[in-house]
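Visitor: One structure follows; several queries about it will come next.
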Amino acid sequence: MPEINEKRYLELGKLDYNRCQAQHQMEWNHMQQWYEHSNLEEFGVSKKELLLAFFVASSSIFETERYGERIAWVKTNILSNILSNHYYSTEDSSEQRTALGYSYTKVHRLIAILLETLQESTTHVLDRTGVDVSNLLLDLWGAWLKKLTGEGDEEIEQVELIVGTLNICGGHISSKDDKLSHDEYTTLCRLSNKICGQLAEFKNGNKKVNDVEWTTSEIDKDMQLLLKLVLHPNSSCNLSKDVKQTFFVVVRAFYYKAYFATEQIDSHISKVLFEKVV
(Lines give C-alpha, C1' and ligand atoms only; values in the text may rest on other atoms or scores of the structure.)
Protein backbone atom coordinates (compact mmCIF):
# COMPACT_ATOMS: atom_id res chain seq x y z
CA MET A 1 0.00 0.00 0.00
CA PRO A 2 2.72 2.59 0.76
CA GLU A 3 4.10 2.09 -2.75
CA ILE A 4 0.65 2.42 -4.34
CA ASN A 5 -0.05 5.60 -2.40
CA GLU A 6 3.18 7.26 -3.44
CA LYS A 7 2.80 10.73 -4.93
CA ARG A 8 4.59 9.72 -8.11
CA TYR A 9 1.69 7.42 -9.07
CA LEU A 10 -0.72 10.31 -8.62
CA GLU A 11 1.44 12.46 -10.88
CA LEU A 12 1.64 9.69 -13.47
CA GLY A 13 -2.14 9.38 -13.35
CA LYS A 14 -2.52 13.11 -13.93
CA LEU A 15 -0.11 13.01 -16.86
CA ASP A 16 -1.97 10.09 -18.42
CA TYR A 17 -5.34 11.82 -17.97
CA ASN A 18 -4.10 15.09 -19.47
CA ARG A 19 -2.55 13.22 -22.40
CA CYS A 20 -5.85 11.48 -23.06
CA GLN A 21 -7.74 14.76 -22.68
CA ALA A 22 -5.43 16.47 -25.18
CA GLN A 23 -6.11 13.70 -27.69
CA HIS A 24 -9.86 14.08 -27.20
CA GLN A 25 -9.61 17.85 -27.67
CA MET A 26 -7.85 17.29 -31.00
CA GLU A 27 -10.64 14.93 -31.99
CA TRP A 28 -13.23 17.52 -30.95
CA ASN A 29 -11.52 20.03 -33.25
CA HIS A 30 -11.81 17.46 -36.04
CA MET A 31 -15.52 17.02 -35.28
CA GLN A 32 -16.09 20.78 -35.45
CA GLN A 33 -14.36 20.88 -38.84
CA TRP A 34 -16.62 18.04 -40.02
CA TYR A 35 -19.63 19.99 -38.72
CA GLU A 36 -18.67 23.10 -40.68
CA HIS A 37 -17.57 21.24 -43.82
CA SER A 38 -20.80 19.21 -43.90
CA ASN A 39 -22.93 22.26 -43.03
CA LEU A 40 -24.79 20.20 -40.43
CA GLU A 41 -26.50 23.29 -39.05
CA GLU A 42 -28.59 23.30 -42.21
CA PHE A 43 -29.87 19.86 -41.21
CA GLY A 44 -30.93 21.11 -37.77
CA VAL A 45 -27.89 19.91 -35.82
CA SER A 46 -26.48 22.31 -33.23
CA LYS A 47 -22.89 22.35 -32.02
CA LYS A 48 -24.17 21.60 -28.52
CA GLU A 49 -25.82 18.43 -29.83
CA LEU A 50 -22.57 17.46 -31.53
CA LEU A 51 -20.58 18.15 -28.35
CA LEU A 52 -22.93 15.96 -26.29
CA ALA A 53 -22.60 13.12 -28.80
CA PHE A 54 -18.81 13.47 -28.74
CA PHE A 55 -18.65 13.59 -24.94
CA VAL A 56 -20.77 10.46 -24.57
CA ALA A 57 -18.62 8.57 -27.07
CA SER A 58 -15.25 9.77 -25.73
CA SER A 59 -16.16 9.12 -22.09
CA SER A 60 -17.42 5.63 -22.97
CA ILE A 61 -14.51 4.66 -25.21
CA PHE A 62 -11.68 6.83 -23.94
CA GLU A 63 -8.54 4.91 -24.95
CA THR A 64 -6.46 7.06 -27.31
CA GLU A 65 -5.87 4.19 -29.76
CA ARG A 66 -9.64 3.74 -30.27
CA TYR A 67 -9.99 7.03 -32.11
CA GLY A 68 -11.74 5.44 -35.10
CA GLU A 69 -14.47 3.89 -32.97
CA ARG A 70 -15.19 7.17 -31.17
CA ILE A 71 -15.49 9.13 -34.40
CA ALA A 72 -17.67 6.42 -35.96
CA TRP A 73 -19.96 6.48 -32.90
CA VAL A 74 -20.41 10.26 -33.04
CA LYS A 75 -21.05 10.43 -36.77
CA THR A 76 -23.40 7.44 -36.68
CA ASN A 77 -25.34 9.09 -33.86
CA ILE A 78 -25.62 12.46 -35.62
CA LEU A 79 -26.44 11.13 -39.10
CA SER A 80 -29.02 8.62 -37.85
CA ASN A 81 -30.68 11.42 -35.87
CA ILE A 82 -30.87 13.60 -38.98
CA LEU A 83 -32.35 10.80 -41.04
CA SER A 84 -34.81 9.74 -38.34
CA ASN A 85 -36.01 13.20 -37.36
CA HIS A 86 -36.26 14.88 -40.72
CA TYR A 87 -36.11 12.93 -43.92
CA TYR A 88 -37.01 9.26 -43.72
CA SER A 89 -39.61 9.45 -40.92
CA THR A 90 -42.57 7.35 -42.05
CA GLU A 91 -44.88 9.49 -39.91
CA ASP A 92 -44.28 12.66 -41.95
CA SER A 93 -46.24 13.42 -45.08
CA SER A 94 -44.50 14.55 -48.23
CA GLU A 95 -45.83 18.07 -47.53
CA GLN A 96 -44.21 18.05 -44.08
CA ARG A 97 -40.92 16.90 -45.55
CA THR A 98 -41.11 19.69 -48.11
CA ALA A 99 -41.81 22.18 -45.32
CA LEU A 100 -38.63 21.02 -43.63
CA GLY A 101 -36.78 22.16 -46.71
CA TYR A 102 -35.51 18.80 -47.90
CA SER A 103 -34.79 19.51 -51.54
CA TYR A 104 -33.20 16.89 -53.74
CA THR A 105 -29.92 18.79 -53.40
CA LYS A 106 -30.05 18.43 -49.62
CA VAL A 107 -30.88 14.75 -49.87
CA HIS A 108 -27.99 14.10 -52.22
CA ARG A 109 -25.64 16.01 -49.94
CA LEU A 110 -26.80 14.03 -46.92
CA ILE A 111 -26.21 10.77 -48.77
CA ALA A 112 -22.76 12.01 -49.78
CA ILE A 113 -21.93 12.82 -46.13
CA LEU A 114 -23.03 9.33 -45.08
CA LEU A 115 -20.99 7.60 -47.79
CA GLU A 116 -17.96 9.73 -46.92
CA THR A 117 -18.35 8.73 -43.27
CA LEU A 118 -18.57 5.03 -44.12
CA GLN A 119 -15.48 5.34 -46.33
CA GLU A 120 -13.60 7.04 -43.49
CA SER A 121 -14.49 4.22 -41.09
CA THR A 122 -13.61 1.57 -43.67
CA THR A 123 -10.20 3.15 -44.31
CA HIS A 124 -9.44 3.37 -40.59
CA VAL A 125 -10.27 -0.30 -40.00
CA LEU A 126 -8.35 -1.38 -43.11
CA ASP A 127 -5.25 0.54 -42.02
CA ARG A 128 -5.42 -0.88 -38.50
CA THR A 129 -6.42 -4.49 -39.13
CA GLY A 130 -6.03 -5.12 -42.86
CA VAL A 131 -9.70 -6.14 -43.09
CA ASP A 132 -12.12 -4.55 -45.57
CA VAL A 133 -15.40 -3.95 -43.70
CA SER A 134 -17.04 -1.75 -46.35
CA ASN A 135 -19.72 -4.30 -47.23
CA LEU A 136 -20.55 -4.92 -43.57
CA LEU A 137 -21.06 -1.22 -42.90
CA LEU A 138 -23.08 -0.74 -46.08
CA ASP A 139 -25.29 -3.73 -45.24
CA LEU A 140 -25.82 -2.47 -41.67
CA TRP A 141 -26.86 1.00 -42.79
CA GLY A 142 -28.88 -0.40 -45.68
CA ALA A 143 -30.96 -2.52 -43.30
CA TRP A 144 -31.48 0.49 -41.02
CA LEU A 145 -32.55 2.75 -43.90
CA LYS A 146 -35.01 0.13 -45.13
CA LYS A 147 -36.59 0.17 -41.69
CA LEU A 148 -36.96 3.96 -41.85
CA THR A 149 -38.64 3.79 -45.26
CA GLY A 150 -40.92 0.98 -44.10
CA GLU A 151 -39.33 -1.64 -46.34
CA GLY A 152 -37.59 -3.70 -43.66
CA ASP A 153 -39.04 -6.80 -42.04
CA GLU A 154 -38.00 -5.78 -38.52
CA GLU A 155 -37.16 -2.54 -36.78
CA ILE A 156 -33.49 -1.72 -36.31
CA GLU A 157 -33.22 0.92 -33.60
CA GLN A 158 -30.45 3.50 -33.32
CA VAL A 159 -28.78 1.64 -30.45
CA GLU A 160 -28.46 -1.45 -32.64
CA LEU A 161 -26.98 0.63 -35.47
CA ILE A 162 -24.39 2.15 -33.12
CA VAL A 163 -23.51 -1.21 -31.54
CA GLY A 164 -23.11 -2.82 -34.95
CA THR A 165 -20.93 0.05 -36.17
CA LEU A 166 -18.67 -0.12 -33.11
CA ASN A 167 -18.28 -3.89 -33.29
CA ILE A 168 -17.38 -3.67 -36.97
CA CYS A 169 -15.03 -0.69 -36.58
CA GLY A 170 -13.48 -2.24 -33.48
CA GLY A 171 -12.53 -5.34 -35.45
CA HIS A 172 -14.80 -7.59 -33.39
CA ILE A 173 -16.88 -8.63 -36.39
CA SER A 174 -15.40 -9.37 -39.81
CA SER A 175 -16.96 -10.19 -43.16
CA LYS A 176 -16.40 -13.89 -42.49
CA ASP A 177 -18.39 -13.88 -39.26
CA ASP A 178 -22.06 -14.71 -38.81
CA LYS A 179 -22.27 -13.07 -35.38
CA LEU A 180 -24.83 -10.48 -36.46
CA SER A 181 -27.35 -13.27 -37.03
CA HIS A 182 -26.36 -15.30 -33.96
CA ASP A 183 -29.20 -16.04 -31.49
CA GLU A 184 -27.46 -14.40 -28.53
CA TYR A 185 -26.58 -11.33 -30.61
CA THR A 186 -30.26 -11.04 -31.58
CA THR A 187 -31.29 -11.39 -27.92
CA LEU A 188 -28.88 -8.64 -26.88
CA CYS A 189 -30.20 -6.41 -29.68
CA ARG A 190 -33.82 -6.85 -28.64
CA LEU A 191 -33.10 -6.24 -24.96
CA SER A 192 -30.97 -3.18 -25.75
CA ASN A 193 -33.69 -1.79 -28.03
CA LYS A 194 -36.28 -2.32 -25.29
CA ILE A 195 -34.20 -0.58 -22.62
CA CYS A 196 -33.38 2.40 -24.83
CA GLY A 197 -37.02 2.74 -25.83
CA GLN A 198 -38.01 2.85 -22.16
CA LEU A 199 -35.23 5.35 -21.44
CA ALA A 200 -36.51 7.61 -24.23
CA GLU A 201 -40.02 7.59 -22.74
CA PHE A 202 -38.63 8.30 -19.28
CA LYS A 203 -36.44 11.14 -20.55
CA ASN A 204 -39.26 12.74 -22.55
CA GLY A 205 -41.71 12.48 -19.63
CA ASN A 206 -44.35 10.66 -21.64
CA LYS A 207 -45.71 8.74 -18.63
CA LYS A 208 -47.69 9.52 -15.48
CA VAL A 209 -46.10 9.26 -12.01
CA ASN A 210 -47.17 5.65 -11.38
CA ASP A 211 -46.12 4.65 -14.87
CA VAL A 212 -42.74 6.33 -14.38
CA GLU A 213 -42.15 4.33 -11.19
CA TRP A 214 -43.03 1.14 -13.05
CA THR A 215 -40.83 2.12 -16.00
CA THR A 216 -37.76 2.86 -13.86
CA SER A 217 -38.22 -0.46 -12.06
CA GLU A 218 -38.51 -2.26 -15.39
CA ILE A 219 -35.44 -0.46 -16.73
CA ASP A 220 -33.41 -1.49 -13.68
CA LYS A 221 -34.47 -5.12 -14.09
CA ASP A 222 -33.64 -5.11 -17.78
CA MET A 223 -30.26 -3.44 -17.14
CA GLN A 224 -29.45 -6.20 -14.65
CA LEU A 225 -30.45 -8.82 -17.21
CA LEU A 226 -28.32 -7.14 -19.87
CA LEU A 227 -25.32 -7.06 -17.55
CA LYS A 228 -25.84 -10.74 -16.75
CA LEU A 229 -25.92 -11.66 -20.44
CA VAL A 230 -22.80 -9.59 -21.09
CA LEU A 231 -20.72 -10.85 -18.17
CA HIS A 232 -21.98 -14.41 -17.74
CA PRO A 233 -19.82 -16.90 -19.67
CA ASN A 234 -21.71 -19.12 -22.08
CA SER A 235 -19.83 -22.11 -23.44
CA SER A 236 -22.32 -22.54 -26.29
CA CYS A 237 -21.96 -18.93 -27.44
CA ASN A 238 -19.44 -17.87 -30.08
CA LEU A 239 -19.79 -14.16 -29.29
CA SER A 240 -16.61 -12.65 -27.96
CA LYS A 241 -16.45 -10.69 -24.71
CA ASP A 242 -15.73 -7.53 -26.71
CA VAL A 243 -18.86 -7.91 -28.86
CA LYS A 244 -21.10 -8.34 -25.81
CA GLN A 245 -19.38 -5.58 -23.85
CA THR A 246 -20.19 -3.11 -26.64
CA PHE A 247 -23.90 -3.54 -25.96
CA PHE A 248 -23.48 -2.56 -22.31
CA VAL A 249 -21.23 0.40 -23.14
CA VAL A 250 -23.75 1.88 -25.60
CA VAL A 251 -26.86 1.22 -23.48
CA ARG A 252 -25.09 2.72 -20.46
CA ALA A 253 -24.54 5.88 -22.52
CA PHE A 254 -28.28 6.08 -23.28
CA TYR A 255 -28.96 5.51 -19.57
CA TYR A 256 -26.65 8.37 -18.64
CA LYS A 257 -28.33 10.82 -21.02
CA ALA A 258 -31.78 9.88 -19.73
CA TYR A 259 -31.07 10.12 -16.00
CA PHE A 260 -28.82 13.18 -15.73
CA ALA A 261 -30.13 16.74 -16.06
CA THR A 262 -28.80 18.98 -18.81
CA GLU A 263 -27.02 21.21 -16.28
CA GLN A 264 -25.23 18.21 -14.76
CA ILE A 265 -24.17 16.91 -18.15
CA ASP A 266 -22.87 20.36 -19.14
CA SER A 267 -20.78 20.41 -15.95
CA HIS A 268 -19.41 16.94 -16.69
CA ILE A 269 -18.49 17.97 -20.24
CA SER A 270 -16.67 21.06 -19.01
CA LYS A 271 -14.67 19.19 -16.38
CA VAL A 272 -13.85 16.06 -18.36
CA LEU A 273 -13.06 17.54 -21.77
CA PHE A 274 -11.74 21.01 -21.06
CA GLU A 275 -10.39 21.31 -17.50
CA LYS A 276 -6.80 20.17 -17.16
CA VAL A 277 -5.91 18.22 -14.01
CA VAL A 278 -3.12 19.93 -12.04
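Visitor: In segment 269-278, what count of residues is obtained for those that are exposed (fewer than 14 other Cβ atoms within 10 Å of the Cβ) and either without any contact (Cβ under 8 Å) to a residue 60 or more places away in the chain or part of a helix (DSSP H, G or I) (or both)? Steps first, answer last, please.
Guide: Of the residues in segment 269-278, the ones exposed (fewer than 14 other Cβ atoms within 10 Å of the Cβ) are 270-271, 274-278.
Okay, now just the ones that are also either without any contact (Cβ under 8 Å) to a residue 60 or more places away in the chain or part of a helix (DSSP H, G or I) (or both), so 270-271, 274-275.
So the count comes out to 4.
Visitor: Would you call S46 surrounded by 14 or more Cβ atoms within 10 Å (Cβ to Cβ) and either under 18 Å from the mean Cα position of the chain (by Cα) or among the small types (G, A, S) (or both)? Reasoning before the result, please.
Guide: Values: surrounded by 14 or more Cβ atoms within 10 Å (Cβ to Cβ): no; either under 18 Å from the mean Cα position of the chain (by Cα) or among the small types (G, A, S) (or both): yes.
So S46 fails the test.
Visitor: While we're here: Which of (1) surrounded by fewer than 17 Cβ atoms within 10 Å (Cβ to Cβ); (2) part of a helix (DSSP H, G or I); (3) in contact (Cβ under 8 Å) with a residue 24 or more places away in the chain is the odd one out, the single condition N234 does not satisfy?
Guide: It is condition (2) that N234 fails.
Visitor: Restricting attention to segment 117-173, and to residues there that are within 30 Å of Q198 (Cβ to Cβ) and touching a Cys at 6+ places or on another chain (Cβ under 7 Å), which single residue is modelled with the lowest pLDDT?
Guide: Among residues in segment 117-173 that are within 30 Å of Q198 (Cβ to Cβ) and touching a Cys at 6+ places or on another chain (Cβ under 7 Å), the one modelled with the lowest pLDDT is E157.
Visitor: Which one of the conditions (1) within 19 Å of the chain's Cα centre (by Cα); (2) surrounded by fewer than 16 Cβ atoms within 10 Å (Cβ to Cβ); (3) not polar (S, T, N, Q) does V250 fail to meet, given that it meets all the rest?
Guide: Status for V250: all satisfied but (2).
The values are calculated or read from the model by the stated rules, or taken from the named source; none is laboratory data. Since the model is a prediction, treat every value here as computed from it, not as a measurement. Note that we place each Cβ from the backbone using ideal geometry, even for glycine, and neighbour counts take in every protein chain shown.
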